[in-house]
Amino acid sequence: MKRNALVFVVLVGAIIGMLAAGKYLDRTRKHGPLKMVGNVKGVQAPDFDLPTLDGRRVKLSDFRGKAVLLNFWATWCSPCQIEMPWFVELQKQYGKDGLVVLGVAMDDSEPSKIAEFAHEMGVNYPVLLGTDQVSDDFGDVQFLPTTFYIDRDGVIVDKAAGLFSRGEIENNIKKILASSRNSGAPQTSRASVGNTLAPPPKDAP
Amino acid sequence: MTKPAGTVAAVVFFLATLGLAQAPSEKQSYVIMAPVGNVQLRAGASTSVEMDFRIGSEFHINSHHPKADYLIPTVLKLNAPEQLTVADLKYPEGEEMAFAFAPNDKLSVYSGDFSINAVLKAPAKAAAGSYPVKGELRFQACDHSACYPPRSIPVQFQVTVVKK
């Protein structure tokens, strides 16, 4: 009888401990300005070469000198659909300042279905067909939407996993637009971009 | 199911749900299945088998009939041995819920606990014995702000066919 009581107490203690740890970890996951998954801030964005829905191929490095919003999404992702009209508007608003929005579709669906969906959403920016390799290269993108904000030098300034407000997205766009064009700068100086954004040079596009 | 086996199954399910209460790791499954007790079926008869699933708190998955074509439905696939047939699968109705990411759009989802019933039949000529029924549950989970790639979890239980 005593043994059973001891086992019960130990079991209850273990359960309480596990729940408390889970609650703590869950809080750290939910809060904070942006969910940073993996240490990608300040890192040079890995280049890729992906097909678009209309059969072209696009490299990330093609957009060096531009500020790139790289959005991983899927047709089955309802929160992704909330952001897409914002991206359409923001592309129109900031395109002239050097913003390029790129969507990376992580669907297993046929490209024609993805294209149909993107058309219905009024997408006005290139949609690329994502691969597991690209997901891995960007730190194993596990949930959608996940958006990388890449400055004009190709450095990841921020990463947002999950849906964020239009205001937060726009603030990040302003950050990457403000980054100076400094192609060819050494990696060490690029790595500091995430923390110390330089003001835009006078001749910036 | 015998009493000790039932107790063990309940403890296993309870402990497994503790995992769902934890902060989800990026590779974890968001749905777990409770053990199914040994099912007994007479040759020439049919029986209903209830499979109970639990979705981690904060998550939801699309129901079997989500409201849009682009959403991935929850689907159970069972592969019965030759001595058995899966005559029917009954999914629960989805719960219509709106989420913070789209407060004006209601989705048809499962959250918390849900059950799927399978109707199994054994032909009259089925040989007596114990047979495994295996399959998988495919689902796609989301939380309040993000969605996760489709996943599958294995489903397995044992059916004992007895002669009339």
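The values are calculated or read from the model by the stated rules, or taken from the named source; none is laboratory data. This is a predicted model, so every value here is computed, not measured. No Cβ is skipped: glycine too gets one built from the backbone with ideal geometry, and neighbour counts run over all protein chains shown.
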Residues of region A:48-83 satisfying the condition of being in a loop (DSSP other than H, G, I, E, B) and touching a Lys or Arg at 6+ places or on another chain (Cβ under 6 Å): A:Gly65
The condition of being away from chain B (no Cβ under 11 Å) and modelled with pLDDT of 70 or more holds, among A:Ala45, A:Ala5, only for A:Ala45
Could you list, in sequence order, all residues of region B:47-74 that are within 13 Å of the chain's Cα centre (by Cα) and among the aliphatic types (A, V, I, L, M)? B:Val49, B:Met51, B:Ile55, B:Ile61
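Results for (1) over 30 Å from A:Phe143 (Cβ atoms); (2) polar (S, T, N, Q); (3) away from chain A (no Cβ under 13 Å), shown as yes or no for each residue.
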{"site": "B:Asn79", "(1), (2), (3)": "yes, yes, yes"}
{"site": "B:Val109", "(1), (2), (3)": "no, no, no"}
{"site": "B:Ala127", "(1), (2), (3)": "yes, no, yes"}
{"site": "B:Cys142", "(1), (2), (3)": "no, no, no"}
{"site": "B:Cys147", "(1), (2), (3)": "no, no, no"}
{"site": "B:Val161", "(1), (2), (3)": "yes, no, yes"}
Does any residue of region B:131-139 turn out to be outside any strand (DSSP E or B), under 30 Å from A:Cys80 (Cβ atoms) and within 14 Å of chain A (Cβ to nearest Cβ)? no
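Do you know which of the residues in region A:120-164 that are among the small types (Gly, Ala, Ser) and assigned to a loop (DSSP other than H, G, I, E, B) is surrounded by the fewest Cβ atoms within 10 Å (Cβ to Cβ)? Quick ask: steps written out before the conclusion?
Step one: filter region A:120-164 for residues among the small types (Gly, Ala, Ser), giving A:122, A:130, A:135, A:139, A:154, A:160-162.
Remaining after also requiring assigned to a loop (DSSP other than H, G, I, E, B): A:122, A:130, A:139, A:154, A:162.
Values: A:Gly122: 10, A:Gly130: 21, A:Gly139: 19, A:Gly154: 23, A:Gly162: 21.
That would be A:Gly122.
Suppose we filter B:Lys106, B:Lys90 for residues that are among the charged types (D, E, K, R) and more than 20 Å from the chain's Cα centre (by Cα); which single one remains? Reasoning before the result, please.
On the way: B:Lys90 fails: more than 20 Å from the chain's Cα centre (by Cα).
Exactly one residue qualifies, and that residue is B:Lys106.
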I'd like to check which strands (runs of 3 or more DSSP E) are fully inside region B:38-120 and have at least 1 residues that are crowded, with 18+ Cβ neighbours inside 10 Å and of a type in the set (Ser, Thr, Tyr). B:102-110
Residues of region A:97-117 being at pLDDT 95 or above and not in a helix (DSSP H, G or I), which ones? A:Gly98, A:Leu99, A:Val100, A:Val101, A:Leu102, A:Gly103, A:Val104, A:Ala105, A:Met106
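Are any residues in region B:39-98 without any contact (Cβ under 8 Å) to a residue 24 or more places away in the chain and among the acidic types (Asp, Glu), and if so, which ones?
Initial filter on region B:39-98 (without any contact (Cβ under 8 Å) to a residue 24 or more places away in the chain): B:68-70, B:73, B:82, B:96, B:98.
Hits for region B:39-98 are B:Asp69, B:Glu82, B:Glu96.
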